[in-house]
1. For the chain, what does the equivalent ellipsoid look like in terms of its semi-axes, each the square root of 5 times an eigenvalue of the Cα gyration tensor, given largest first in whole Å?
2. Just grab the label-to-label distance for D93 and E250, each label 7 Å out from Cα along the Cβ direction, in nm (one decimal).
3. Please give me the summed charge of the neighbours of R303: other residues whose Cβ is under 11 Å from its Cβ, Lys and Arg +1, Asp and Glu -1.
4. What share of all Cα pairs of the stretch 1-107, in percent, falls into each consecutive 5 Å distance bin?
5. Going by average Cβ neighbours within 10 Å, how do the peptides 476-483, 16-23, 446-453 rank, with the highest at the top?
6. Residue separation times 0.36 nm, minus the C-alpha to C-alpha distance between T52 and E272: what's the value?
7. Using θ = phi - 60° and the Karplus form 6.51 cos²θ - 1.76 cosθ + 1.60, what ³J(HN,Hα) does each residue of the stretch 85-101 get, whole Hz, x for Gly and Pro?
8. What lysines could a cross-link reach from K26, if we take a straight Cα to Cα line under 26 Å and drop same-chain neighbours fewer than 8 places away?
Amino acid sequence: MVSRVIPVDDFDIVIFGATGDLAHRKILPGLFRRFVAGQIPATARIIGAARTEQDDDGFRAEAASAIAEFAGVKKNDPHLAQFLELLGYTAIDAKGEGGWNALKSRMREGAVHAFYLSVAPSLFGDIAERLAGHGIADDNSRVVVEKPFGRDLASARALNQVLARHFDEHQVYRIDHYLGKETVQNLMAVRFANILFEPLWNAQHVDHVQITVAETVGVAGRGSYYDKSGAIRDMVQNHMMQLLCLIAMEPPYHFDPDAVRDEKLKVIRALEPLKPEDIVRGQYHAEGGDGSYLDDAENPDSRTESYVAMKVRISNWRWQGTPFYLRTGKKLRARTSEIAITFKEPPHSIFDDSGVPKANELVIRLQPNEGMNLKVMIKEPGPGGMRLVQVPLDMSFAVALGADGADMPDAYERLIMDVIRGNQTLFMRGDEVEAAWAWTDPIIEAWEDSKRRPEPYDSGSSGPEEALRLMHRDNRRWRELRA
Ligand code: BG6
């Protein structure tokens, strides 16, 4: 069961960096799938813009190969031929004047105009200035930018200022692809479309929350980017922070972009500064060294973390006293993203020796096997008296909704369509990004000053031993990492 497709208005989208990896892997395949689903009008235009000199046909051939590879379609698929008709290309000099007039002549009056800056952030200013200077962008245009949105508060602020010179905040769409994931949006549906959970969703009833984003891949192939970033910049400041916000925020008064983002911002601002003893960094290593982080990053002295675990506290009425444990890492035992809410134990047991009731636990699986699992206590069947046992109420969204993974739109598909629709709910506002950096900056600085090395952990393991101790100290345990 997949929802009805509502076509978007006619649009022209310009993809800067159209010959790059993101365009090939995500943007073009995403647009193609939405076209096949009937959401994109046949008159829409998708204009590639990059430094490479090529004509429309050259770009169409390039796009066809990328879509065949990453959307899993045959090159002779009839939809693909129709989709390629929408494509055009203009060679552009982002720092000079070449190509801008040609680009302008391709844009149609009356269509929605979106500019996707799939380029290095250092080019945002140049491109924004030329779009405005040549009269290509106007007050109704939208500009889409990707992470990394800065590498600290100062650089994020500078990027916001550069964009603000030519675009109003309501025109800027900062992508965090986690917000485009169906199951991440489901966090809001589960919380705010059911009465069951919300009365218990507070420090009085929740013992602690675990947020896990574990990956099996390493950083080979993108080591030079990753080594300057590390798990905190790459995952915590953005994706993990967004998950934390959606779990911890107050109900927005309406499902509306600013109402949702106001509530997320309040959570970020309420985060307590992290204490040094509440964070563990790790770096994967492999027996014999081959395949270790240090090889993949091609930096034998690197202190960059490929794993981080932290205990986070939110200083507000709802969450005072309930810790949120976050962990994310590469080359771990399983690829799994989930949020587990462990409730408190019942205050009193009426069942003498027949078993102590255990705490209820709600696990929301984000990927793979999207679904929910609620652990509840029941009576063990049989004549042996009143014995208690904990069992899972397990729901797979695919089974419950009759959808298989192939029906679920990829995060980028959803987000690009939201840009065309002009809906910013699932995009980060400038102040939100800055607040997230304001919280992570001191954590990163303290580490840089400390000269410590990350804890080694074996590739394929659950992470460093120290991370286990972070939990044991509080008499708690991480959930097992299982795919
Ligand atoms: C990206 C990070 O933003 O998210 C990657 O840069 C990470 O390092 C990826 O692997 C994870 O995304 P997903 O959708 O595979 O969970």
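Rule-based calculations on the coordinates, nothing more; no lab input. These numbers come from a predicted model, not from an experiment. As a convention, Cβ positions derive from the backbone with ideal geometry for all residues, glycine included, and neighbour counts pool all protein chains shown.
1. Listed largest to smallest, the semi-axes of the chain are 41, 26, 22 Å.
2. Label at D93, label at E250, 5.4 nm between them.
3. For residues surrounding R303, the net value is 0.
4. Whole-percent P(r) values from 0 Å outward: 2, 12, 24, 23, 19, 11, 5, 2, 1, 0.
5. The densest-packed peptide leads the list: 16-23, 476-483, 446-453.
6. Separation in residues times 0.36 nm, less the Cα-Cα distance, equals 74.5 nm.
7. Taking θ as phi minus 60°, the curve returns 4, 6, 8, x, 8, 9, 6, 10, 9, 4, 9, x, 9, x, x, 5, 5 Hz for the stretch 85-101.
8. K74, K75, K95, K104, K147, K181, K228, K330, K331
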